[in-house]
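Working notes for the structure below.
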Amino acid sequence: MPNTLLRIDASSRQEGSYSRGLADAFVRSWLSNNPEGIVVRRDLAASPVAHIAPETITGFYTPPDQLDDTLREALAISDRLVAELLAADEILISTPMYNFTIPSALKAYIDHVVRINKTFSYDGTSFTGLVSAKRAVIASAFGAGGYTGALAAADYVTPYLRFLLEFIGVGFVENITVEATTGDTETVARNIEDALGRARVLAVVA
């Protein structure tokens, strides 16, 4: 069976997005290493996912045999997103940092796919992830530098996504980050080239 890569893009920018550029490089290398592979793309800027509604939350906690038409409709998009996630062998998330954290578009997506008895279970004592993807890669872009050093405590992108992916069962999480994208031209070019190189390498070492 061909491997399936689920690519999720969160940047509001279609053009000039550094995080999308990292994802593009990863996908090109991934396809060269998986010529029969399938890339499923979920672009959260081109096709935004609505934030969950009260009916959605009710549906999450309603037994399937007790769902009415209203709740089924409220769960429809969540069901599609969860099915995509569960079918993926690998996951690629490209995201910028907006005000120290992820874009709201990505948070809306997360709220639809982190679902009890769908992507995780709870037995009253402990949680178990139900997503079988063997790996996830986070391709992120930060306007400032220092998030791997002095500003590490202000990074609410990488630690959050890593925890979340591991929580739902992803076996291994890796990160590609380009920092200081608002810096001088030489610094930006150097940082981008380093990150693109890492993206190409990670794409073929799974």
Open item on the list: Using the Karplus curve 6.51 cos²θ - 1.76 cosθ + 1.60 with θ = phi - 60°, what ³J(HN,Hα) values do you get for each residue of region 106-117, in whole Hz, with x for Gly and Pro?
Closed with: 6, 5, 4, 4, 4, 5, 7, 9, 8, 10, 4, 6
Task: Kirkwood-Stokes translational diffusion coefficient of the chain, alpha-carbon pairs, 20 °C, 1.002 mPa s, µm²/s - done: 120 µm²/s
TODO: Report ³J(HN,Hα) in whole Hz for each residue of region 165-171, in order, from the Karplus equation J = 6.51 cos²θ - 1.76 cosθ + 1.60 where θ = phi - 60°; Gly and Pro get x.
DONE: 5, 5, 4, 8, x, 4, x
Task: For region 172-181, 3J(HN,Hα) per residue [Karplus equation, 6.51 cos²θ - 1.76 cosθ + 1.60, θ = phi - 60°, Hz, x = Gly/Pro] - done: 8, 10, 10, 9, 10, 10, 10, 9, 6, 6
Task: Helix-only [θ]222 nm of the chain, DSSP H runs n ≥ 4, -39500 (n - 2.57) each, per residue, nearest 500 - done: -12500 deg cm²/dmol
Open item on the list: Could you tell me the relative contact order of region 125-206? Use alpha-carbon pairs under 8 Å, at least six residues apart, and round to a whole percent.
Closed with: 37 percent
Task: Nearest-ten-degree value, helix 69-87 long axis tilted from longest Cα axis of the chain - done: 40 degrees
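For the full complex of protein chains and a 1.4 angstrom probe, list Val173, Val205 by accessible area with the highest value first.
Val205, Val173
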Open item on the list: Quick check: with the 1.4 Å probe, what order do Arg42, Arg135, Arg13 take by accessible area, largest first?
Closed with: Arg13, Arg42, Arg135
Task: Cα-based helix-to-principal-axis angle, 18-33 vs the chain, degrees rounded to 10 - done: 80 degrees
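In what order, largest first, do Glu36, Glu84, Glu166 sit by accessible area if the probe radius is 1.4 Å? The partial results should precede the final answer.
On the way: Glu36 145, Glu84 45, Glu166 100 Å².
Order by accessible area, largest first: Glu36, Glu166, Glu84.
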Task: DSSP bridge pairs, the chain: antiparallel proportion in percent, nearest 5 - done: 15 percent
Task: Estimated D of region 117-206 in µm² per second, where Rh is the Kirkwood radius over Cα pairs and Stokes-Einstein applies at 20 °C, 1.002 mPa s - done: 145 µm²/s
Open item on the list: As a test question: what accessible area, to the nearest 10 Å², does Thr182 have when a 1.4 Å probe is rolled over all protein chains in place?
Closed with: 110 Å²
Task: Selection from Ile192, Gln14, Ser126 lying farthest towards where the dipole of the chain points positive, charges on Cβ - done: Ile192
Task: Computed accessible area, Met97, all protein chains, 1.4 angstrom probe, square angstrom - done: 30 Å²
- [ ] Search the structure for amide H atoms under 5 Å from the amide H of Leu92, placed 1.01 Å from N in the peptide plane, and list their residues when 5 or more places away or on another chain.
- [x] Leu6, Arg7, Ile8, Val137
Task: Average Cα contact separation per residue, region 1-151, under 8 Å, 6 or more apart, as relative contact order % - done: 32 percent
Task: Linear extension gain, Glu73 paired with Asp123, 0.36 nm per residue minus alpha-carbon span - done: 15.2 nm
Open item on the list: Can you give the FRET efficiency to the nearest 0.05 for Arg80 and Glu174, using r as the Cβ-Cβ distance and R₀ = 30 Å?
Closed with: 0.70
Open item on the list: With every protein chain left in place and a probe of 1.4 Å, what is the accessible surface of Tyr156, to the nearest 10 Å²?
Closed with: 130 Å²
Open item on the list: Using a 7 Å offset from the Cα along the Cα-to-Cβ direction at both Lys107 and Thr58, what is the distance between the two label points in nm, to one decimal?
Closed with: 2.5 nm
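The values are calculated or read from the model by the stated rules, or taken from the named source; none is laboratory data. These figures come from a predicted structure and were not determined experimentally. Positions of Cβ are backbone-derived with ideal geometry, glycine not excepted, and every protein chain shown enters the neighbour counts. These accessible areas exclude ligands, DNA and RNA; they are computed on the full protein's heavy atoms, side chains included. Shrake-Rupley method; radii C 1.70, N 1.55, O 1.52, S 1.80 Å.
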